[in-house]
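The structure that follows is given in the form of structure tokens.
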Amino acid sequence: MLKRKKPPLKRRKVSAFAITSSRRRVKRNTDLLKLHRRRRNYQAVMQDHPGLQDQSAQEQPAS
């Protein structure tokens with residue numbers, strides 16, 4: 001049995017405006033992702049920091 005050849009997919013013309021806006025969206029999302037990752041890493045480091053716990057223990061009785 002002979003196979004039928006698939007018709008070529010027609011590419012939809014995308015405007016330059018749509019391309020730039022999608023690139024901007026991707027850039028904003030990656031920047032936000034990096035920011036959240038940095039914040040989480042910083043919080044994890046500061047949570048395990050030994051000097052930070054001593055300061056917080058001293059501040060509580062004074063209040």
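If you roll a 1.4 Å probe over the stretch 1-48 with all protein chains in place, what percent of the accessible area is carbon or sulfur?
That share works out to 59 percent.
Compute the distance in nm between two label points, each set 7 Å from the Cα along the Cα-to-Cβ direction, one at L2 and one at R38.
Inter-label distance under the simple model: 6.3 nm.
The values are calculated or read from the model by the stated rules, or taken from the named source; none is laboratory data. Note that this is a predicted model, so its numbers are computed, not measured. Neighbour counts are summed over all protein chains in view; Cβ atoms, including those assigned to glycine, are modelled from backbone coordinates with ideal geometry. Each accessible area value is taken on the protein alone, full model and side chains, heavy atoms only, with ligands, DNA and RNA left out. Shrake-Rupley method; radii C 1.70, N 1.55, O 1.52, S 1.80 Å.
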